[in-house]
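A.B. asks: Mind looking over this structure? Questions follow.
The values are calculated or read from the model by the stated rules, or taken from the named source; none is laboratory data. Please read these numbers as outputs of a predicted model, since none were measured by experiment. Positions of Cβ are backbone-derived with ideal geometry, glycine not excepted, and every protein chain shown enters the neighbour counts. Heads up: the accessible areas ignore ligands, DNA and RNA and are worked out on the full protein's heavy atoms, side chains in. Shrake-Rupley method; radii C 1.70, N 1.55, O 1.52, S 1.80 Å.
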Amino acid sequence: PLFLLVYFSAFRQNKMAIKLSIGAGIVGAVMFLGGGVEVCFLIFSLIFLLTLFPNLLLEENQYPDLKNRIWCFTIFLMTFAGLCAVQLLPFEELSRLSIRAKGLSYQEATTWSLHPADLITFFISDLYGYSGGDLNRYWGNQNWLKSIYLGSMPFLLALIFFLKRERKGLGFILLILLSLVLSFGRHSLFYPFFYKYVHFLNQLRYPVKFIFMAIFLISLSAGFGYDKFKEGLETDLEKTQKLASGIFGVGFISIILFGVLNAYEEPILAFCKEAGWDKPDYNDLSINMFNAKRFFGFTGIFALILFLWGKARSGKKYFANSVIFVLTLDLFFSTHGFYQKTKTETYMQPGSNIEFVLSDPALPRVFTARTILNDQETAEYKKISIKSPDIFYLS
């Protein structure tokens, strides 16, 4: 977000364009040196696209002509490359010696692909209980991203933006779909094509990482929808009030479902258990029930706030702030306690592998097994370990 803010501010501030483009290069360098090259690959590709077609993001009076836009992009790229050369040049040299130089196998490259059924976890956090500690489920399903929960509010706000049927909305939808197709990996019909023909893609693992762009664009769309709703209250009150009433209808149904889950929780739990919607294929039923009620409850509250905001004759800013406050609460509590913490001393204590390596004062070589090895590769690596005693094979 900071990178995009700085980069596109260069489009809107002619006198500061060069300085802001350099600032974008600095922020981009921090992103790259922090690790996770896939995010940089996606976001830099996105800004190149938006540099060519800025009307997907900005209004016509908010960006310069093509020549100046290309100039901003060039300054950013030169700054980025210059700051990252200390890492980029060794990376380019050593990557040719890596096991990924000729590409990973399709099986390994698609480890931790997002299954389309996992999209429901946008609304019900950890529905399948991937974080429960079962190693087979951990490696057999997407578990690189601990949570993709967004809740209903960003999607409802994004819907307001998409209903305006602007060109940028269509562009966002296409990019979101592309991001989802890439994140599906082995579960996508198109990923084999990308794997074969898109440069570098066969050298990367964990396709779920590509969902970053979809989540980011949904977040942007939600922000645009929020702005459109505020503007609509000033410029087209009647239409905006109808829209708020429609969302209120969604909220009303959510509150009804929230009440049903509360009133008939025990028989519903019994039915779900009988249907097999419990461990081991799903998270604990009581956890999923709580998360479902929380989803319907927050959806109802959000819809009510939008409805009252549309009807209010005064104090509109309080409703505007309440939308952001409720959204923040929902996102906070969706992952509160999800990540565990431990004492620093425990974390820094050497594990058994490290103690084994340190037990020999000589300088050894250590090979860490890849995520997935076929039988032939496993046999070959074990032969190497036997022939060269100073190589420790850790799997």
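A.B. asks: According to a simple spin-label model (label point 7 Å from Cα along Cα-to-Cβ), what is the distance in nm between R137 and S286?
C.D. replies: It is 1.6 nm.
A.B. asks: Residue farthest toward the positive end of the dipole of the chain, with Cβ of Lys/Arg at +1 and Asp/Glu at -1: which of L150, L177, S95?
C.D. replies: Positive-end residue among those listed: L177.
A.B. asks: Greater than 22 Å separation of Cα atoms is the criterion. Which listed pairs, K230/K311; K15/K168; K273/K293; K146/K230; K230/K293, meet it?
C.D. replies: Correct reply: K15/K168; K146/K230; K230/K293.
A.B. asks: Might you report the magnitude of the Cβ-based charge dipole of the chain about its Cα centre, with Lys and Arg at +1 and Asp and Glu at -1, to the nearest 20 debye?
C.D. replies: Dipole size: approximately 1000 debye.
A.B. asks: Could you tally the net charge around A85, taking each other residue with its Cβ under 15 Å from the Cβ of A85, Lys/Arg +1 and Asp/Glu -1?
C.D. replies: The answer is -2.
A.B. asks: Additional query: Return the carbon/sulfur percentage of the accessible area of the chain, one whole number, probe 1.4 Å, all protein chains in place.
C.D. replies: Taking all protein chains in place, the chain shows 65 percent carbon and sulfur surface.
A.B. asks: Here is a further query. Connecting C-alpha atoms closer than 10 Å in a GNM of the chain, tell me which of L170, L150, L94 has the biggest fluctuation.
C.D. replies: So, out of L170, L150, L94, the one fluctuating most is L94.
A.B. asks: Which distance in Å, rounded to a whole number, links the C-alpha centroids of the range 88-109 and the range 1-48?
C.D. replies: 26 Å
A.B. asks: Along each of the three principal axes of the Cα atoms of the chain, give the extent in whole Å, ordering the values from largest to smallest.
C.D. replies: 81, 66, 45
A.B. asks: Can you pull the one-decimal nm distance between simple spin-label points at A117 and I18, each 7 Å off the Cα toward Cβ?
C.D. replies: It works out to 5.8 nm between the two label points.
A.B. asks: Just want the answer: with Cβ charges of +1 for Lys and Arg and -1 for Asp and Glu, which residue in L237, S254, Y226 is farthest toward the dipole's positive end in the range 191-266?
C.D. replies: Value computed over the given set: Y226.
A.B. asks: Then there is this: Given the options Y106, Y347, Y149, which has the most mean-square fluctuation in a GNM of the chain, springs set between C-alpha atoms less than 10 angstrom apart?
C.D. replies: Y347
A.B. asks: Could you tell me which of rounded, prolate or oblate describes the range 213-312, using a ≥ b ≥ c as the square roots of the eigenvalues of the alpha-carbon gyration tensor, with rounded for a/c under 1.5 and, failing that, prolate when a/b is larger than b/c and oblate otherwise?
C.D. replies: Note, shape of the range 213-312 comes out oblate.
A.B. asks: Then there's this: For the chain, what is the relative contact order in percent, using Cα pairs closer than 8 Å and at least 6 residues apart in sequence?
C.D. replies: Dividing the mean separation by the residue count of the chain yields 15 percent.
A.B. asks: In addition: What residue among S322, G34, Y130 has its Cα farthest toward the positive end of the dipole of the chain, where the charges are +1 on Lys, Arg and -1 on Asp, Glu, each on the Cβ?
C.D. replies: Value: S322.
A.B. asks: Let me ask something else about it. Heavy atoms only, probe 1.4 angstrom, no DNA, RNA or ligands counted: give me W71, W309 ranked by accessible area, highest first.
C.D. replies: W71, W309
A.B. asks: Which angle between 0 and 90 degrees, to the nearest 10, do you get for helix 2-12 versus the longest principal axis of the chain when only C-alpha atoms count?
C.D. replies: Helix 2-12 and the main axis of the chain meet at about 60 degrees.
A.B. asks: I need the phi-derived Karplus couplings for the range 99-115: 6.51 cos²θ - 1.76 cosθ + 1.60, θ = phi - 60°, integer Hz, Gly and Pro marked x.
C.D. replies: Working through the residues one at a time gives 5, 8, 4, 9, x, 7, 5, 4, 4, 6, 5, 9, 4, 6, 8, 6, 7 Hz.
A.B. asks: In square angstrom, rounded to the nearest 10, how much accessible surface does T342 have for a 1.4 Å probe?
C.D. replies: About 90 Å², rounded to the nearest 10.
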